[in-house]
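Report on the structure given below.
The values are calculated or read from the model by the stated rules, or taken from the named source; none is laboratory data. Remember, it's a predicted structure, so these values are computed and weren't measured experimentally. Heads up: the accessible areas ignore ligands, DNA and RNA and are worked out on the full protein's heavy atoms, side chains in. Shrake-Rupley method; radii C 1.70, N 1.55, O 1.52, S 1.80 Å.
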Amino acid sequence: MNNLETLKSQGLHREDVLGTIGPFKIFLGSLEALVGPSELPDEVMDALFYIISRSQPGTEPINSQAMRLILEGSSRARSTYFLKKNILRGASAVFGPYLVGECHWTLFYCNLKEGTITYIDSLGEHPQRCSKIIENWSLFAASRGCQRPWKFKNRDHDLQNDSVSCGVFSIMFAEMILQGQQGHLQCLPISQERERLGTLLFKSLDSSGICTICYKKMSGKKKETCSFCSTEKSSKPEAETSEMGTAEAVEEEEEEEASEKMEAETAQMGTAEAVEDTSD
């Protein structure tokens, strides 16, 4: 991908933040992993599922960390403080990436109106795992006031023939299901899809607060000056500034506070999960 080579030529490192997609930070290393060939990290999976959900109003994405707690039956997933927004209320479907073990991505999709669950593993589905997924999803849905029988919906699909493309396959399967594709789910060449998804990820980045020269984080609550290369953020026309300055400052401050809060909650989630795993 040309954008990746351009960024690397500017001296950026894997850990440098390029921007955000929804609540997810995207790093240079995120793009490198997607172009691959290598396994996809959590932030890439979560960001791409977030992007494709926006083309389907009423379909809510579930991030990978939350999905794992739900489908593995963690008691935390059924507590009142887990996912403060009731994602089952008002949605027609929910979906997201499910990480099996430590390195294998699969797809979970639930049509709430039909009461059906589609689970796709690019290496082939295991009946025992599918039964456990339905059981744990039923417990979670009931804790959110959605108590009903759930039916498993099988889908024929292509299988991966390498050890690192499970994430790309899961994203392709999700797109095809959201587009209403019927019959066998046939995937395009992986190298072609990695290129397409990398371009989609890069074009979807929100780089506000990121220096466009060196891609370091701008300093200050208004993010006006880069602390690395001293580049100043270009100012708006005077009339526009007078009308929008206050609102923009408030919005940027709220975004920064929300980001810090999310990072704190994520850390707490990991600690709570570890405690639960010990006590369960």
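Odds and ends about this structure:
- Ordered by solvent-accessible area of protein heavy atoms (1.4 Å probe), largest first, the residues TYR81, TYR109 come out as TYR81, TYR109.
- Heavy atoms of HIS13 accessible to a 1.4 Å probe, total area in Å² rounded to 10: 100 Å²
- Using distinct alpha-carbon pairs, which all enter the 1/r mean, Kirkwood radius of the range 132-213 in Å: 16.1 Å
- Cα-Cα over 26 Å, subset of LYS132/LYS153; LYS25/LYS113; LYS8/LYS203; LYS25/LYS84: LYS25/LYS113
- Each Cα pair of the range 127-167 feeds into the Kirkwood radius, which the Stokes-Einstein equation turns, at 37 °C and 0.692 mPa s, into a diffusion coefficient of 261 µm²/s.
- Rounded if a/c under 1.5, otherwise prolate or oblate - the range 1-129, Cα gyration tensor axes: prolate
- Beta bridges by DSSP in the range 100-170, antiparallel share as percent, to the nearest 5: 75 percent
- When PHE173, PHE152 are compared by accessible area at a 1.4 angstrom probe, the order from most to least is PHE152, PHE173.
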